[in-house]
1. Which of the strands (runs of 3 or more DSSP E) contained wholly in segment 1-105 include at least 3 residues that are within 30 Å of D139 (Cβ to Cβ)?
2. Give the residue that is surrounded by the fewest Cβ atoms within 10 Å (Cβ to Cβ), with candidates limited to residues of segment 12-56 that are within 30 Å of K157 (Cα to Cα) and of a type in the set (K, R).
3. Considering only segment 75-97, I want to know if a residue exists there that is out of contact with any Gly (no Cβ under 6 Å at 6 or more places or on another chain), farther than 17 Å from M162 by Cβ and open to solvent by less than 20 Å² (accessible area, probe 1.4 Å).
4. Q164 is checked against (1) assigned to a loop (DSSP other than H, G, I, E, B); (2) at pLDDT 95 or above and fails just one. What number does that condition carry?
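The values are calculated or read from the model by the stated rules, or taken from the named source; none is laboratory data. Everything quoted here is computed from the prediction, not taken from an experiment. Don't worry about glycine lacking a Cβ; one is built from the backbone with ideal geometry, like all the others, and counts go over all protein chains shown. Areas reflect the complete protein model, heavy atoms only, side chains present, ligands, DNA and RNA absent. Shrake-Rupley method; radii C 1.70, N 1.55, O 1.52, S 1.80 Å.
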Amino acid sequence: MFYKVQVQDHIRVPPDLFNLPIEEAVVKRIKHKYDGFIGKELGIVIDVTGITAIGEGILIPGDGAAYYDSTFNLITFKPEMQELVYGKIKDIADFGAFINLGPIDGMIHVSQTMDDFVSFSKDKTLMGKESKKIIKVGDLCRARIIAVSFKDLTNPKLGLTMRQPGLGRVDWAGDSPKAEAHAKDEKKEKDEKKEKEDRKEKEGKKDKEETKEKKDK
């Protein structure tokens, strides 16, 4: 979930920024410190939206920089358990799908992609055995967060599910006849493509055999 958070911090402004107006110098240092910041409490910092207060600068002997007690606002993304999110499928592997949520990617284990037995194909698609539903790279999906880990702050991990009713590819909503028809059309397209490739391969083999026969004569 996205949040607007107010933060208070002592911001260090080095001597090379003393020529700038105080607010401009402080904003530069806040952005330097917080852009891309990831923490368990704040989540992922997206942007600094403004400063509400800057206190008097304090010099620390032996440092040379000035420290300003500042209050400012941040836009952050903090994933919450059971939160409903939307994202695009970024990649697919035999063990599941990776979904991009904007500030962060999440992983959907193959067993959580749909309420069906799921098979993986080499063209990076997942298909349900009974429902014939297909998930491919680029699909817009609706998922629910079921696991959040900030153990490694450089690489927070999210686990998601799409097995619950109303989740999955957005055009699956309600398992409507339209959604089922869409899935069948995709399967038909995939089968036709494979049939065309097989036919092309057979024709290639036939041409080679005919060429070989002519050489033998």
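1. Strands (runs of 3 or more DSSP E) meeting the threshold: 43-59, 66-77, 84-93, 96-100.
2. K40
3. no
4. Against the list (1) assigned to a loop (DSSP other than H, G, I, E, B); (2) at pLDDT 95 or above, Q164 comes up short only on (2).
Residue-by-condition table, conditions (1) at pLDDT below 75; (2) assigned to a helix (DSSP H, G or I); (3) open to solvent by 70 Å² or more (accessible area, probe 1.4 Å); (4) touching a Ser or Thr at 6+ places or on another chain (Cβ under 7 Å):
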position: N155; (1), (2), (3), (4): no, no, yes, no
position: L158; (1), (2), (3), (4): no, no, no, no
position: W172; (1), (2), (3), (4): no, yes, no, no
position: E180; (1), (2), (3), (4): yes, yes, yes, no
position: K184; (1), (2), (3), (4): yes, yes, yes, no
position: D198; (1), (2), (3), (4): no, yes, no, no
position: E201; (1), (2), (3), (4): no, yes, yes, no
position: K208; (1), (2), (3), (4): yes, yes, yes, no
position: K215; (1), (2), (3), (4): yes, yes, yes, no
